[in-house]
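For reference, the structure is listed below as structure tokens.
The values are calculated or read from the model by the stated rules, or taken from the named source; none is laboratory data. Computed from a predicted structure; not experimentally measured. For neighbour counting, all protein chains shown are included, and Cβ atoms are generated from backbone atoms with ideal geometry for every residue, glycine included. Note: accessible area is taken over every heavy atom of the protein model, side chains too, but ligands, DNA and RNA are not part of it. Shrake-Rupley method; radii C 1.70, N 1.55, O 1.52, S 1.80 Å.
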Amino acid sequence: HCGWNSVLEAVCAGVPMVAWPLYAEQRFNMVILVEDLKLALRINESEDGFVTAEEVESRVRELMDSDEGESLRKLTKEKAAEAKAAISEGGSSIVDLAKLVESWKLH
């Protein structure tokens with residue numbers, strides 16, 4: 001559904017996505033995932049806003065059985081490795097979180 005927590009979980013686990021946003025910021029997240037990061041395939045809604053079972057099947061098959069899907073799966077694995085490095089000791093997320101905590105202590 002493209003909620004940010006779900007996106008982070010999928011990236012950290014190296015799981016490629018089929019993006020099906022429901023509301024709020026999820027549509028924006030979908031654009032980032034599909035167009036910028038290339039970590040997801042877009043679900044196409046019908047004019048009335050519904051998604052058919054055939055569309056879901058088509059996107060999942062594309063993810064699993066196409067050159068684009070292969071590229072997406074490879075990139076997702078690379079991003080998972082980057083995420084793991086960021087949250088490991090000395091990684092950018094750990095360092096930045098420590099800096100944030102220190103800045104709070106100063107105020």
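Here are some notes:
- Lysine pairs in the chain whose alpha-carbon atoms fall under 30 angstrom of each other, counting only those eight or more residues apart or on distinct chains, come to 9.
- All distinct Cα pairs of the stretch 4-106 go into the 1/r average, and the inverse of that average, the Kirkwood radius, is 15.3 Å.
- Local electrostatic count at Gly14 - Lys and Arg +1, Asp and Glu -1, tallied over other residues with Cβ under 13 Å: +2
- Positive contributions from Lys and Arg (+1) and negative ones from Asp and Glu (-1), summed over other residues with Cβ under 14 Å from the Cβ of Glu55, come out at -3.
- Per residue, the Cα convex hull of the stretch 19-64 amounts to 68 Å³.
- Accessible area per residue for the stretch 1-97, computed on protein heavy atoms with a 1.4 Å probe, is 65 Å².
- Long-range amide H partners of Arg42 with built H, under 5 Å: Ala19
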